[in-house]
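Peer 1: After the structure tokens below, expect a handful of questions from me.
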Amino acid sequence: LAIVGGDVKSLPSWVKGERVKALNLVRLGSRYQVMIPMADESTQAWRTRYLKGWVRWAGVPDEFWTDPAGGTMSDKFLEAMAGDGILEVCGGEVHSQVGTTKRHGAIAEEKFAKTLETVQPRDRSEWESCLIETLAAKHRTMLHHGFAPCQHVFGRTPRLPADILDEQSCIISE
């Protein structure tokens, strides 16, 4: 089953002292994570960002687990997800898996804060690039069952520009 855990994170902004809400989604089998910044808190905006940021590439999960005590996702949003064909939208009895989502959200936020401190983005575009690169680095380095999340999902580790330059070309000799 493709089980996704979700919650809402409040990430540091490019403007000192401000925060940006983000939908935090973690595929529990691989620990692959997506954080989708949310400018608008309407149900329709959340749904659109979820469809573009998760469903477009990963498909509809079989189950979606969230913390019912968190109260951060509207019932309308969760009902719409259930309407997509998700077998179960649940919380409560799955505290250990909800904890996995929260733990990975905290790890990503910590790494992201360090990235922001180093890069010091000037606008939202640079800030979003920092978020994307932070998660890409996390997907290459944090192992789960001996493999990085990107290896679980895509079957290989993405190549970096330095890897491409150093790689020997594949030449078939006759």
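Peer 1: Express in nm, to one decimal, how much length is gained between Lys114 and Arg19 on full extension, taking 0.36 nm for each residue of separation and deducting their alpha carbon distance.
Peer 2: My answer for the length gained is 32.7 nm.
Peer 1: If you don't mind, there's one more thing I want to ask. Rounded to whole Hz and in sequence order, give me ³J(HN,Hα) for the range 47-58 from the Karplus expression 6.51 cos²θ - 1.76 cosθ + 1.60, θ = phi - 60°, writing x for Gly and Pro.
Peer 2: Values, residue by residue: 5, 4, 5, 5, 5, 6, x, 10, 4, 4, 9, 9 Hz.
Peer 1: Here's another thing I want to ask about it. For the pair Arg122 and Asp84, how long in nm is the line joining their label points, each one 7 Å along Cα→Cβ?
Peer 2: 3.6 nm
Peer 1: Would you grab the residues whose amide H sits under 5 Å from the one on Val8? Only those 5+ places off in sequence or on another chain, please, with H modelled 1.01 Å from N.
Peer 2: Residues meeting the criterion, in which the H sits 1.01 Å from N, are Asn24.
Peer 1: What ranking of Tyr50, Tyr32 comes out by heavy-atom accessible area, probe 1.4 Å, highest first?
Peer 2: Solvent-accessible surface, decreasing: Tyr32, Tyr50.
Peer 1: Further question on the same structure: Of the listed pairs Lys9/Lys52; Lys16/Lys76; Lys76/Lys138, which have alpha-carbon separations greater than 24 Å here?
Peer 2: Long pairs (Cα-Cα over 24 Å): Lys16/Lys76; Lys76/Lys138.
Peer 1: What is the spin-label model distance, in nm, from Arg56 to Ser42 if the labels are put 7 Å beyond Cα along the C-beta direction?
Peer 2: Label-label distance for Arg56 and Ser42, simple model: 1.9 nm.
The values are calculated or read from the model by the stated rules, or taken from the named source; none is laboratory data. If you're wondering where the values come from, they're calculated on a predicted model, not measured in any experiment. Cβ atoms come from the backbone with ideal geometry, glycine included; neighbour counts cover every protein chain shown. Areas reflect the complete protein model, heavy atoms only, side chains present, ligands, DNA and RNA absent. Shrake-Rupley method; radii C 1.70, N 1.55, O 1.52, S 1.80 Å.
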